[in-house]
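Each remark here refers to the structure printed beneath this line.
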Amino acid sequence: MARVALVTGGSRGIGAAISKALKGKGCTVAATYAGNDEAAAKFTEETGIKTYKWNAADYDASKAGIAQVEADLGPIDIVVANAGITRDAPFHKMTPEQWKEVIDTNLTGVFNTVHPIWPGMRERKFGRVVVISSINGQKGQFGQVNYAATKAGDLGIVKSLAQEGARFGITANAVCPGYIATEMVMAVPEKVRESIIAGIPAGRLGEPEEIARCVAFLVDDEAGFVNGSTISANGAQFFV
């Protein structure tokens, strides 16, 4: 599968697993990161996957970064919008800054990532867009009005892009992970983690590689009739 793939937030956690899975499929992968230079350098050293630094919340930075990726690796065929942040607080305590930061990265960041790539996909009559949403965008979550709003909005982006891109050979789909054993989740107190697992019928956290396999399926050349869909990977915790 000789395709060029861009994975935002692709050097850590779920993003790193996606980057490695796509490389395993034969893609040439570029992984972006926002700030952790040390982790990015280590990721590149271990995997051979090139990393690029920019803030997905900044359109101009995204456009320039994407141009550099394409200059280095060739036209981008696959884009996985994975970069995301949390700024949790109960709604009555949430600040406008907490709201805006999450909206800018998790929702506007998807626009900033896909928009510069979209015209080339249309011209080449091929493209694969995958947005990493969340179970909390499907069901909501206490203390995450901002995050849940962005992840629900991401699903709207996917459904709309699917309709616009279908006749150009472009698919747009979403993956909604449940609770995954990333560094962030594993860092929470054990009792909190146990309470999370108690709510998952599968009786365990998901693995980043399980989300990566969903993405690998969706971006395959042979997945062209899967368009505008959402894969829920949450251990039967929530059904749409």
Could we say that Ile197 is in contact with a Pro (Cβ under 9 Å, 6 or more places away or on another chain) and hydrophobic (A, V, I, L, M, F, W, C) here? no
Give the residues of region 101-133 that are of a type in the set (Ser, Thr, Tyr) and out of contact with any Lys or Arg (no Cβ under 6 Å at 6 or more places or on another chain), sorted by residue number. Thr105, Thr108, Thr113
Residues Ala31, Ala57, Ala71: which one is surrounded by fewer than 23 Cβ atoms within 10 Å (Cβ to Cβ), within 19 Å of the chain's Cα centre (by Cα) and over 22 Å from Gly178 (Cα atoms)? Ala57
Restricting to strands (runs of 3 or more DSSP E) lying wholly in region 1-91: which have 1 or more residues that are under 15 Å from Thr113 (Cβ atoms) and touching a Cys at 6+ places or on another chain (Cβ under 8 Å)? 4-7, 78-81
Quick check on my filter: what residues within region 198-240 are surrounded by 14 or more Cβ atoms within 10 Å (Cβ to Cβ) and of a type in the set (A, V, I, L, M)? Ile200, Leu205, Ile211, Ala212, Val215, Ala216, Leu218, Val219, Ala223, Val226, Ile231, Ala233
Consider Ser134 carefully, then state whether it is at pLDDT 95 or above and surrounded by 22 or more Cβ atoms within 10 Å (Cβ to Cβ). yes
Taking Val192, is it out of contact with any Lys or Arg (no Cβ under 9 Å at 6 or more places or on another chain), part of a helix (DSSP H, G or I) and over 30 Å from Glu123 (Cβ atoms)? yes
Considering region 204-224 alone, what residues qualify as being in contact (Cβ under 8 Å) with a residue 40 or more places away in the chain, in a helix (DSSP H, G or I) and of a type in the set (Asp, Glu)? Glu209, Asp221
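The values are calculated or read from the model by the stated rules, or taken from the named source; none is laboratory data. Since the structure is predicted, the reported quantities are computational estimates derived from the model, not experimental observations. Cβ atoms come from the backbone with ideal geometry, glycine included; neighbour counts cover every protein chain shown.
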